[in-house]
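First up is the structure itself, then whatever we jot down about it.
The values are calculated or read from the model by the stated rules, or taken from the named source; none is laboratory data. Keep in mind it's a predicted model, so treat the numbers as computed, not measured. Cβ placement follows ideal geometry from the backbone for every residue including glycine, while neighbour counts extend to all protein chains displayed. Ligands, DNA and RNA are excluded from the accessible area calculation, which covers all protein heavy atoms including side chains. Shrake-Rupley method; radii C 1.70, N 1.55, O 1.52, S 1.80 Å.
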Amino acid sequence: MKEFIINSNDSGQRVDKFLTKAVRKLPKSLMYKYLRTKRIKLNNKKCEISTKLNEGDILLLYINDEFFDENKELDFLSVPTNLNIIYEDENILLIDKKNGLVVHEDDENTVDTLINRIKHYLYEKGEYIPENELSFAPSLCNRLDRNTGGIIICAKNSESLRIINQKVKDRELEKLYLCVTVGIPPKKEDTLTAYLEKDESKNQVFVSDKKTPTNKTIITNYKVLATKDNLALVEVDLITGRTHQIRAHMAYIGCPVLGDGKYGINKINREYNVRTQALYSYKLTFRFKTDAGILQYLNNKSFSSDNIWFKKFIL
């Protein structure tokens, strides 16, 4: 028999969601069976998969020991703790991710990821103790491609994670990007609308001005901040957030991002000796329209990265 005492990071979850994370070796089919047959009980009573957990609840599991993994994986201890921290408090971390660093483990099982660096950093501070957590680990609330730099939000507790994820979904976070384009956009400021379709097999998208049953609408705001020769420093605000949207949309209007090997102009990339895309998620503003609970203090606060490597080509 195994006993779980629900802590603050585990509360608010459905029983099945908690068990999926806390007992990863337990197949879902068996979990549902054990719930039906009362081999999994909440506060010594039968519970449903949809029952919400509260802090202090006791979950009893009368199941074989083979399903429990007593050794928490600590692979993150093998990676460095090098982080460019823009802001930190007891609930969140804002990290300035540089080009070239992956955020999560990829198909190549890269261990040196942003989230593993954060876990190691918080572990050394004593703010993340894996053996004390049943189902929660520090989690990223947004993603950026390996070769795109910018601000990443990390939640230190489950309540912050829930709030930020909801605010992202409700578009209550304003994220602005900077990029250098090859070619000067036709207008100093504009809102572009087109249609994008993704080819999963190639991890590439294609933009068109015609709607089809399979493509999706993309809307991109841009503003030209400065120009030099045939290059432009452009600020972008994504109204929709599709895969490779900025890179593909700017390329579609004849102004690809400098250094972009997929949608750009390789000859010009080589001329400037740029091997990664000049694209950065450089500014984040919290624009809460509804209550943000424990994160309400962040409302209307802005954070930005000033150390952006490609500004030198224009400024």
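Among the residues examined, residue 161 does not qualify as closer than 19 Å to residue 80 by Cβ, without any contact (Cβ under 8 Å) to a residue 60 or more places away in the chain, among the hydrophobic types (A, V, I, L, M, F, W, C) and surrounded by 16 or more Cβ atoms within 10 Å (Cβ to Cβ). The residue that is farthest from residue 250 (Cα to Cα), among those in the range 204-239 that are open to solvent by 80 Å² or more (accessible area, probe 1.4 Å) and of a type in the set (Asp, Glu), is 229. So, of the residues in the range 189-203 that are open to solvent by 50 Å² or more (accessible area, probe 1.4 Å) and of a type in the set (Asp, Glu), which turns out to be nearest to the chain's Cα centre (by Cα)? Top of the filtered list is 200. Of all residues in the range 5-36, count the ones that are part of a strand (DSSP E or B) and of a type in the set (Phe, Trp, Tyr). Result for the range 5-36: 0. Candidates are the residues of the range 143-158 that are modelled with pLDDT of 95 or more and out of contact with any Phe, Trp or Tyr (no Cβ under 9 Å at 6 or more places or on another chain); the one that is nearest to residue 13 (Cα to Cα) is 155.
Taken together, 95, 85 contain a single residue that is out of contact with any Cys (no Cβ under 8 Å at 6 or more places or on another chain), at pLDDT 95 or above and among the hydrophobic types (A, V, I, L, M, F, W, C), which is 85.
Among the residues in the range 207-214, are any within 25 Å of the chain's Cα centre (by Cα) and either among the hydrophobic types (A, V, I, L, M, F, W, C) or modelled with pLDDT of 95 or more (or both)? Checked the range 207-214: at least one residue is within 25 Å of the chain's Cα centre (by Cα) and either among the hydrophobic types (A, V, I, L, M, F, W, C) or modelled with pLDDT of 95 or more (or both). On the stretch given as the range 85-100, residues that are of a type in the set (Asp, Glu) and surrounded by fewer than 16 Cβ atoms within 10 Å (Cβ to Cβ) total 2. Just one residue in the set 278, 292 is under 23 Å from residue 186 (Cβ atoms), open to solvent by less than 10 Å² (accessible area, probe 1.4 Å) and among the small types (Gly, Ala, Ser); that residue is 278.
Cβ-Cβ distances below 9 Å connect the following pairs, each with a first residue in the range 124-140 that is in contact (Cβ under 8 Å) with a residue 60 or more places away in the chain and more than 14 Å from residue 162 (Cβ to Cβ), a second residue that is buried (at least 17 other Cβ atoms within 10 Å of the Cβ) and of a type in the set (D, E, K, R), and a separation of six or more residues or different chains: 133/10; 134/10. Report yes if some residue within the range 115-131 is open to solvent by less than 20 Å² (accessible area, probe 1.4 Å), within 29 Å of residue 299 (Cα to Cα), out of contact with any helix residue (DSSP H, G or I) (no Cβ under 7 Å at 6 or more places or on another chain) and part of a loop (DSSP other than H, G, I, E, B); otherwise report no. Looking for residues that are open to solvent by less than 20 Å² (accessible area, probe 1.4 Å), within 29 Å of residue 299 (Cα to Cα), out of contact with any helix residue (DSSP H, G or I) (no Cβ under 7 Å at 6 or more places or on another chain) and part of a loop (DSSP other than H, G, I, E, B), one finds none in the range 115-131, hence no.
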